[in-house]
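Contents: one structure, followed by commentary.
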Amino acid sequence: MREVRPHGASAAAVRTPARHAPRAAAAVTGLLAVTIAASLAAVVSDANAMMEAVPLGSPLLTAATVTGTALVVTTLGVATGAVAAWQRGWWNRTARVLFTLTALGCLTLASMLLLYHLVTPPLTWITG
């Protein structure tokens, strides 16, 4: 049976199981992004409850910050995977460009979470 691979890709790049890891990291990061968006929407939907939840603490706010921390960590995997995909030629050019845009979106969201301190203590040293 003949192996089918993208134009210009080496046989090692096609067989490498590591080429699937960045896409898995992107999928997990996407799920985390939806989760944090939903939890933040639930928190800010009632202004009075939000003003009460911030100083007193809330399980929903805690879930949002824990999810934010996980999103920042998985974003590092997505960004690293985008660089590795270009260096190793894992996918065709269109897939690499789209994955790079995905990584840039993840980095933007992660920087927003860090800017607004929506991360838990393992990453709070970054924000000062």
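Within the range 105-115, not a single residue is within 14 Å of residue 21 (Cβ to Cβ) and open to solvent by less than 30 Å² (accessible area, probe 1.4 Å).
If you go through the range 72-92 and keep only what is crowded, with 19+ Cβ neighbours inside 10 Å, part of a helix (DSSP H, G or I) and either more than 13 Å from the chain's Cα centre (by Cα) or touching a residue at least 60 places away in the same chain (Cβ under 8 Å) (or both), you end up with 81, 82, 85. For the range 93-103, check the following and say yes or no: at least one residue is at pLDDT below 90, surrounded by 13 or more Cβ atoms within 10 Å (Cβ to Cβ) and either closer than 28 Å to residue 123 by Cα or touching a helix residue (DSSP H, G or I) at 6+ places or on another chain (Cβ under 9 Å) (or both). The answer is no; no qualifying residue exists.
The values are calculated or read from the model by the stated rules, or taken from the named source; none is laboratory data. Everything numeric in this text was worked out from a predicted model, so none of it was measured. A quick note on method: Cβ atoms are made from the backbone with ideal geometry, for glycine too, and the neighbour counts reach across all protein chains shown. Ligands, DNA and RNA are stripped out before the accessible areas are found, and what is left, the full protein with its side chains, is counted by its heavy atoms. Shrake-Rupley method; radii C 1.70, N 1.55, O 1.52, S 1.80 Å.
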